[in-house]
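First the structure, in the form of structure tokens, and then the observations on it.
The values are calculated or read from the model by the stated rules, or taken from the named source; none is laboratory data. Keep in mind that this is a model prediction, so the values were computed, not measured. Because the Cβ atoms are built from the backbone with ideal geometry, glycine has one as well, and the counts that use them run over all protein chains shown. Just so you know, the surface numbers come from the protein's heavy atoms only, side chains and all, with ligands and any DNA or RNA stripped out. Shrake-Rupley method; radii C 1.70, N 1.55, O 1.52, S 1.80 Å.
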Amino acid sequence: MIERTFVMVKPDGVQRGIVGRVLDRFEARGIKMCAIKMMRIPRELAERHYAEHKGKTFYEPLLAYITSGPVVCMVLEGENVVATVRTMMGKTNPQDASPGTIRADFAQVTGRNIVHGSDSPESAKREINLFFNDYELQKYEKIDESWLFEE
Ligand code: DAT
Ligand code: MG
């Protein structure tokens with residue numbers, strides 16, 4: 001099923017100049033970009049985004065990290081794309097991530113794992129709405145679609 005997910009290149013990914021290489025992996029796979037923007041996440045938005053982690057030992061360091069510099073947020077669309085992006089990102093701890101995944105190829109520790117991707121279609125909906133307005137989300141046909149998918 002074609003669905004959408006929320007992806008973010010975190011402040012370390014921006015600072016290390018690997019936004020393009022992360023994006024390239026999704027584009028090369030034929031995953032469609034529906035929205036993209038750079039922003040500095042305000043503390044309140046970070047709290048809402050990571051609400052599920054409130055109270056955990058890493059919560060405050062996580063908020064400090066994610067608000068420490070600009071991030072690049074995007075909405076991606078494709079077949080089963082929530083799970084596909086999670087697989088492409090690799091495990092939360094880059095040490096456990098399989099070679100070839102983004103986190104294994106570009107990161108070393110959990111607290112600087114360079115990308116975020118929604119963990120379920122429900123999370124994706126919630127996160128897309130947190131970070132984007134309807135008018136920022138593009139719905140369009142891309143010329144490669146007839147070659148990416150069967151009739
Ligand atoms: P993911 O980003 O893979 O969805 P998560 O939702 O469990 O992982 O956690 C959100 C972020 O919080 C994660 O990318 C890095 C940080 N984090 C998670 N578990 C951690 C831990 N045990 N120690 C330090 N940071 C952690
Ligand atoms: Mg998560």
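Of note:
- When we screen Gln108, Gln138, Gln95 for residues that are surrounded by fewer than 18 Cβ atoms within 10 Å (Cβ to Cβ) and closer than 14 Å to Gly13 by Cβ, the only hit is Gln108.
- Boolean, Arg103 is open to solvent by 30 Å² or more (accessible area, probe 1.4 Å) and either assigned to a helix (DSSP H, G or I) or at pLDDT below 95 (or both): no
- Scanning segment 37-52 for residues that are charged (D, E, K, R) and either assigned to a helix (DSSP H, G or I) or more than 23 Å from Asn133 (Cα to Cα) (or both) returns Arg43, Glu44, Glu47, Arg48, Glu52.
- Residue within segment 124-131 that is over 17 Å from His49 (Cβ atoms) and of a type outside the set (Ser, Thr, Tyr) present: no
- Criterion (assigned to a loop (DSSP other than H, G, I, E, B), modelled with pLDDT of 95 or more and either open to solvent by less than 50 Å² (accessible area, probe 1.4 Å) or touching a His at 6+ places or on another chain (Cβ under 9 Å) (or both)) met by exactly one of Gly69, Gly78, Gly55: Gly69
- Filtering segment 111-126 to residues that are open to solvent by less than 10 Å² (accessible area, probe 1.4 Å) and assigned to a helix (DSSP H, G or I) leaves only Ala124.
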